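Since the structure comes first, as structure tokens, the remarks are kept for the end.
The values are calculated or read from the model by the stated rules, or taken from the named source; none is laboratory data. All values derive from a computational prediction rather than experimental measurement. A quick note on method: Cβ atoms are made from the backbone with ideal geometry, for glycine too, and the neighbour counts reach across all protein chains shown. Surface accessibility is based on the protein's heavy atoms, side chains included, excluding ligands, DNA and RNA. Shrake-Rupley method; radii C 1.70, N 1.55, O 1.52, S 1.80 Å.
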Amino acid sequence: MFHDLQFTISDWTYFLFHAVKAIYMTDPHAVARRFVILISGRGSNMQQIIEQSRSQGWPAEFVRVIANETHAPGIEWARQQGLATAVVPHREFADRQAFDNRLAEVIEADRPDYVLLAGFMRILTPGFVAKFRNRLVNIHPSLLPAFPGLKTHEQAIAAGVGWHGCTVHFVTDQLDHGPIIAQAAVPVKPNDTPEALSERVLSVEHQIYPRAVRWLAEGRVQINQAGQVALEGVTQRHLWKDE
Ligand code: GAR
């Protein structure tokens with residue numbers, strides 16, 4: 001096959017064939033899945049996802065970070081990390097539909113496998129959700145289906161619950177609803193404030209969202225016929241933090 005180390009076309013074809021075969025057939029987890037992350041503000045969940053992926057070597061490629069707020073601190077962090085970024089400022093669009101159409105165009109240009117909402121504070125139209133069906137993932141700061149919507153920590157304290165937390169889930173038409181991938185719970189303490197509780201919840205968001213994204217990257221997450229998440233090779237999808 002080697003003629004005085006001059007590689008012929010058939011040599012290159014041979015190498016290429018075996019390289020592709022090695023990647024696709026021997027280790028399906030080696031094929032990096034592509035993620036776009038959507039943020040509105042500080043982006044601490046995004047940072048945790050990207051940093052943990054880098055330090056743990058997930059088969060994941062973060063192809064773009066998109067913000068709807070021009071001055072979102074998280075977009076600056078993403079730029080400094082050398083990630084591709086875009087800003088689609090919702091205020092510049094006539095209505096929700098026009099904004100979502102443009103947002104979908106920007107996302108689709110990068111051909112992501114998954115779109116991650118990480119503190120993305122816009123309600124998405126049914127058309128947008130349908131376009132990314134079973135590929136759109138969100139983190140919500142409550143143990144869904146309890147406390148959808150805003151001010152979840154205030155809601156939890158007012159309801160007098162003993163436990164609060166966060167949920168990583170696929171997005172459906174129904175606000176803060178959809179197949180649950182992972183949840184984490186923290187205790188609500190006597191005389192808790194929304195700020196203290198929010199900090200406690202955020203500390204477990206930073207554990208559970210990266211973990212769920214890693215499962216997505218590794219191809220472990222399926223939605224079964226009952227519309228629920230089935231995780232392959234994962235035994236611990238819940239996290240309890242009792243301090
Ligand atoms: C997080 O607590 C996230 O759960 C919440 O916004 C915060 C964003 O923080 N998301 C929602 O409320 C969505 N409904 P981050 O920008 O530092 O990740």
### Query
If the Cβ limit is 8 Å and pairs must be 6+ apart or interchain, which residue in the range 42-62 that is touching a residue at least 60 places away in the same chain (Cβ under 8 Å) pairs with which residue that is in a loop (DSSP other than H, G, I, E, B) and of a type in the set (Phe, Trp, Tyr)?
Gln52/Trp58
### Task
Could you tell me which numbered condition Glu51 fails, if it satisfies all but one of (1) modelled with pLDDT of 95 or more; (2) more than 14 Å from the chain's Cα centre (by Cα)?
(2)
### Message
I need a count of the residues in the range 175-197 that are among the polar types (S, T, N, Q) and open to solvent by less than 40 Å² (accessible area, probe 1.4 Å).
### Response
1
### Message
Being in contact with a strand residue (DSSP E or B) (Cβ under 7 Å, 6 or more places away or on another chain) and either among the hydrophobic types (A, V, I, L, M, F, W, C) or near the ligand (Cβ under 10 Å from one of its atoms) (or both): is that true of Ile139 here?
### Response
yes
## Note on the structure
Looking across the range 114-135 at residues that are within 16 Å of the ligand (Cβ to nearest atom) and of a type in the set (Gly, Ala, Ser), the single one that is farthest from the chain's Cα centre (by Cα) is Gly119
### Task
Check every one of the strands (runs of 3 or more DSSP E) wholly within the range 123-207 and list those with 3 or more residues that are at pLDDT 95 or above and either touching an Asp or Glu at 6+ places or on another chain (Cβ under 7 Å) or farther than 22 Å from Gln97 by Cα (or both).
163-170, 180-187
### Selected residue (criterion: farthest from the chain's Cα centre (by Cα)) from residues of the range 88-97 that are buried (at least 16 other Cβ atoms within 10 Å of the Cβ) and closer than 16 Å to Phe120 by Cα
His90
### Qualifying residues in the range 148-162 (those that are away from the ligand (no atom under 16 Å from the Cβ) and surrounded by fewer than 14 Cβ atoms within 10 Å (Cβ to Cβ)) - the one nearest to Lys189 (Cα to Cα)
Gly162
